[in-house]
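Report on the following structure.
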Amino acid sequence: MSMSTASNWLWNFGIGYATPYMVNEEYGNLGPKVFFVWGSTCLGCLLFTYFCIMETKGLSLEQIDILYQNTTPVKSVSYRNQLIAHNVHAADDEAIARASGREVFNHEKGSQTSAQEKV
């Protein structure tokens, strides 16, 4: 939490300090075109969020750990729905395999079966 607060203060200071110089006729002389600087920054943040941040709404910490181990940020919404639908927890290897579509090693029988065969 403290890192996000410090980052917020830092970026607010940077934007507040730089914008007058960017708009001023003696320095940057961008005027209303400064919108394109901040608009492109917002677009970059949007792309970063979509491609790099996973959807973790409604998951426990153990399920978030499973999510980060088994999927990518772009596919995280559908994988999160599978985790919730199959009620997956960290100790349940079979449920993790069902949610991710991988093979599971059956310790009792000593054989591998696919998650599709289990369902």
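The values are calculated or read from the model by the stated rules, or taken from the named source; none is laboratory data. Source: prediction; values computed, not measured. Counting neighbours? That spans all protein chains shown, and the Cβs are built from the backbone with ideal geometry, glycine included. To get the accessible areas, we keep the full protein, side chains included, count just its heavy atoms, and leave off ligands, DNA and RNA. Shrake-Rupley method; radii C 1.70, N 1.55, O 1.52, S 1.80 Å.
Taking every protein chain into account, the 1.4 Å probe leaves residue 25 with about 150 Å² of accessible area, to the nearest ten.
Once the chain from residue 84 to residue 2 is taken as fully extended at 0.36 nm per residue, the excess over their C-alpha distance is 26.5 nm. Figure note: 4, 76 ranked by solvent-accessible area, largest first, 1.4 Å probe, ligands and nucleic acids not counted: 4, 76. Between residue 55 and residue 77, the modelled labels are 0.4 nm apart [label points 7 Å from Cα along Cα→Cβ].
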